[in-house]
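> Handing you this structure, nothing more for now.
The values are calculated or read from the model by the stated rules, or taken from the named source; none is laboratory data. Keep in mind the model is a prediction, meaning the values are calculated, not measured. Heads up, the Cβs are rebuilt from the backbone with ideal geometry, glycines too, and the neighbour counts pull from every protein chain shown.
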Amino acid sequence: MAKSDIKEKRVYGRRQNRPLKGERLDAYQTLLPRLALSKEQLKEDASLDPRTLFSSPFKELWFEIGFGSGEHLAELMRRQPDNAFLGAEPFINGMAAFLRDIAEMPHDNIRVHMDDAMMLANSLADESVDGLYILNADPWHKKRHHKRRIIRRETLDCFHRILKPGGHLIASTDVPYLAEWIITEVTLHGGFEWTANKADDWRVRPDDWITTAYEVKGAKGATQMSYLLFQKA
Ligand SMILES: C[S@@+](CC[C@H](N)C(=O)[O-])C[C@H]1O[C@@H](n2cnc3c(N)ncnc32)[C@H](O)[C@@H]1O
């Protein structure tokens, strides 16, 4: 896959760092055309009923935004075979790593989008999603770049719209001021409840947490992971 094949950008930052080879290239070429959502499905008009995407009924629908190499999403699929999943990741090498990972397991319950997650989020019907994961989102440090952050007022409006009542918004970060940003934005939004019971809850890794490679790598230089669990009020 050559860099020139990359479509017009909807996201900031790099989308590929090295050419795909071997099993990752094979998985990318064979699985992406089967599992990727089509342009017609991504109209960004809240019309996409996720039940139309899967051949079998499912219990819950979970959507992971910015899944990186997808190890968290693949593990969710292993643990929760009765659920269906959506994943968005614009980074080509990450998408290929994920597809390679799921190639030999049942994967009829996943659909992916290799671009800006908001294209998919904006397309989904109201109250159609049980939970959203946004793990270690890019912090976009500079103030003028804050509008690129994936959790902000406008995106929260959309997340609130697509989540079912009581639906989950689960975020994590090892950047302390991004944790503060997320808590502030979500609190100001007013449509979510923070499920932390006491001050320290958000510093403690939940029991069933699936640790991503980024979390292990990032944790070295990072001072503290924050686990931010919210529910649609
Ligand atoms: C720091 S990495 C974390 C990856 C993974 N969630 C983890 O914890 O290992 C942030 C990821 O978000 C993706 N990303 C950034 N902007 C995005 C967007 N608008 N839509 C979907 N993914 C996005 C990046 O490509 C990158 O893979």
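> Since Glu40 meets every condition but one in (1) away from the ligand (no atom under 16 Å from the Cβ); (2) assigned to a helix (DSSP H, G or I); (3) crowded, with 17+ Cβ neighbours inside 10 Å, which condition does it not meet?
Looking at each condition in turn, Glu40 falls short on (3).
> Among the residues of segment 158-190, count how many are surrounded by fewer than 20 Cβ atoms within 10 Å (Cβ to Cβ) and either touching a Pro at 6+ places or on another chain (Cβ under 8 Å) or more than 21 Å from Glu60 (Cα to Cα) (or both).
The total comes to 11.
> If you don't mind, another one. Taking segment 95-151 only, how many residues are of a type outside the set (S, T, N, Q), part of a helix (DSSP H, G or I) and surrounded by fewer than 20 Cβ atoms within 10 Å (Cβ to Cβ)?
8
> Looking only at segment 66-90, filter to residues that are farther than 19 Å from Val216 by Cα and surrounded by 21 or more Cβ atoms within 10 Å (Cβ to Cβ); which one of those is farthest from the ligand (Cβ to nearest atom)?
This residue is Ala84.
> What is the one condition in (1) within 19 Å of the chain's Cα centre (by Cα); (2) away from the ligand (no atom under 16 Å from the Cβ); (3) more than 29 Å from Glu127 (Cα to Cα); (4) not charged (D, E, K, R) that Leu48 does not satisfy?
(3)
> Within segment 202-231, take every residue that is out of contact with any Ser or Thr (no Cβ under 8 Å at 6 or more places or on another chain) and part of a helix (DSSP H, G or I) and give me the one that is modelled with the highest pLDDT.
Filtering segment 202-231 for residues that are out of contact with any Ser or Thr (no Cβ under 8 Å at 6 or more places or on another chain) and part of a helix (DSSP H, G or I), the one modelled with the highest pLDDT comes out as Tyr214.
> Tell me yes or no: at least one residue of segment 92-101 is closer than 24 Å to Trp194 by Cα and of a type outside the set (Val, Ile, Thr).
Looking for residues that are closer than 24 Å to Trp194 by Cα and of a type outside the set (Val, Ile, Thr), one finds none in segment 92-101, hence no.
> If I filter segment 7-24 for residues that are modelled with pLDDT under 95 and among the polar types (S, T, N, Q), do I get at least one hit?
Taking every residue of segment 7-24 in turn, at least one turns out to be modelled with pLDDT under 95 and among the polar types (S, T, N, Q).
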